[in-house]
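The values are calculated or read from the model by the stated rules, or taken from the named source; none is laboratory data. On a predicted model such as this, the values are computed, not experimentally measured, just so you know. Glycine also receives a Cβ, built like all others from the backbone with ideal geometry; neighbour counts cover every protein chain displayed.
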Amino acid sequence: MGRYRYYLALQTLLPDDYRKDREFIERMKVLQSFRFDGVELNIRNPDAVDPEDLKSFLKDFDLELSMFATGFTAKTEGLSLSSTDEKKRTLSVRRAKEFLAFAKHFGAGIIAGFLKGTSGESSEAHREALKRSIEEVSEEAARLKTPFLVEAINRFESPLGNSLDDTWSLVEGRNKGSTYILPDTWHMNIEESNMEAAIITHRDHFISFHLSENNRFFPGYGALDFKHIIGILDACGYNGKLAIEGNLKRSFAEDVQAAMETLAPVLNRIS
């Protein structure tokens, strides 16, 4: 672990030919300079990625794969754990299990955000299909001892699992020991009437926590009080991971610097 009180990662996209992609290499150097611990990677085609090669590549920058973010893959392959088309749902569950096996190579986990479902899949039948899928994937997550994170995403971007309460209701009773929910401050800012209360209520239900501004940029470009938010995590005795996620406003290097100007004083502080 780096110099911060919490494991710190950042979510970005893995290019297909990452070893030759100069922009991606420069991004990794930026994260290394700020002593990040890991990266959450969206990967278009994980089947084409050699886990050992990716581990070696990231190690050159003192980084590791923290989480496999499956959203880009889900959109590319047309996956949905909420589908009422049983053939499509079964395929999506199978792929989620394969994603877990991929993540296990790194000691990482997988994030199911848009993998949960697509626009319009909001009926009770879709909800029941998602619950079945979560239970099936949870069994494999427990067998592999690999975290399966179901992300709470706001109602404008995801039909099911919007608030932390709603997302936990999908997981509760189907959790086999390695399944969790994933809070994200951008989505929580929309869905939670009391972010602090939601974090406290679900403090035992997450092992990773996304930091993103109310305008979906990196911390430092919006109105959220990250000192207060991290203080809530401190008070809860949280010891999991933090990950920055958001859109770029200026450039990757400038936005990471802005984020760390906001976060480093808090993460360096001894409570």
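The rows are residues; the columns are (1) crowded, with 18+ Cβ neighbours inside 10 Å; (2) within 30 Å of Lys131 (Cβ to Cβ); (3) of a type outside the set (Ser, Thr, Tyr); (4) over 18 Å from the mean Cα position of the chain (by Cα).
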residue: Thr179; (1), (2), (3), (4): yes, yes, no, no
residue: Thr185; (1), (2), (3), (4): yes, yes, no, no
residue: Asn214; (1), (2), (3), (4): no, no, yes, no
residue: Leu224; (1), (2), (3), (4): yes, no, yes, yes
residue: Glu261; (1), (2), (3), (4): no, no, yes, yes
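For the stretch 156-172, the set of residues classified as of a type in the set (Gly, Ala, Ser) and in contact with a helix residue (DSSP H, G or I) (Cβ under 8 Å, 6 or more places away or on another chain) consists of Ser158, Gly161, Ser163, listed by residue number. Taken as a whole, the condition of being more than 15 Å from His105 (Cα to Cα) and touching a strand residue (DSSP E or B) at 6+ places or on another chain (Cβ under 8 Å) applies to Thr70.
Grab the strands (runs of 3 or more DSSP E) fully contained in the stretch 177-271, keeping just those with 2 or more residues being in contact with a Pro (Cβ under 8 Å, 6 or more places away or on another chain). The strands (runs of 3 or more DSSP E) meeting that bar are 179-182, 208-211.
The combined condition, being of a type in the set (Lys, Arg), assigned to a helix (DSSP H, G or I) and surrounded by 15 or more Cβ atoms within 10 Å (Cβ to Cβ), is not fulfilled by Arg174. For the subset of the stretch 240-251 comprising residues that are surrounded by fewer than 18 Cβ atoms within 10 Å (Cβ to Cβ), in contact (Cβ under 8 Å) with a residue 24 or more places away in the chain and of a type outside the set (D, E, K, R), which member is farthest from Phe68 (Cα to Cα)? Selected residue: Leu248. All of Arg95, Arg155, Arg143 fail the test of being more than 19 Å from the chain's Cα centre (by Cα) and of a type in the set (Lys, Arg), apart from Arg143. Can you spot a residue in the stretch 66-86 that is assigned to a strand (DSSP E or B), modelled with pLDDT of 95 or more and touching a Pro at 6+ places or on another chain (Cβ under 9 Å)? Yes, the stretch 66-86 contains at least one residue that is assigned to a strand (DSSP E or B), modelled with pLDDT of 95 or more and touching a Pro at 6+ places or on another chain (Cβ under 9 Å).
Taken over the stretch 20-57, residues that are under 24 Å from Lys97 (Cα atoms), assigned to a helix (DSSP H, G or I) and touching an Asp or Glu at 6+ places or on another chain (Cβ under 6 Å) amount to 0. Count of the stretch 223-271 residues, restricted to those that are of a type in the set (Lys, Arg) and more than 19 Å from Met195 (Cα to Cα), is 3.
Matching residues to (1) over 19 Å from Leu41 (Cβ atoms); (2) out of contact with any His (no Cβ under 8 Å at 6 or more places or on another chain); (3) surrounded by 23 or more Cβ atoms within 10 Å (Cβ to Cβ):
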{"residue": "Phe99", "(1), (2), (3)": "no, yes, yes"}
{"residue": "Phe102", "(1), (2), (3)": "no, yes, no"}
{"residue": "Ile110", "(1), (2), (3)": "no, yes, yes"}
{"residue": "Glu136", "(1), (2), (3)": "yes, yes, no"}
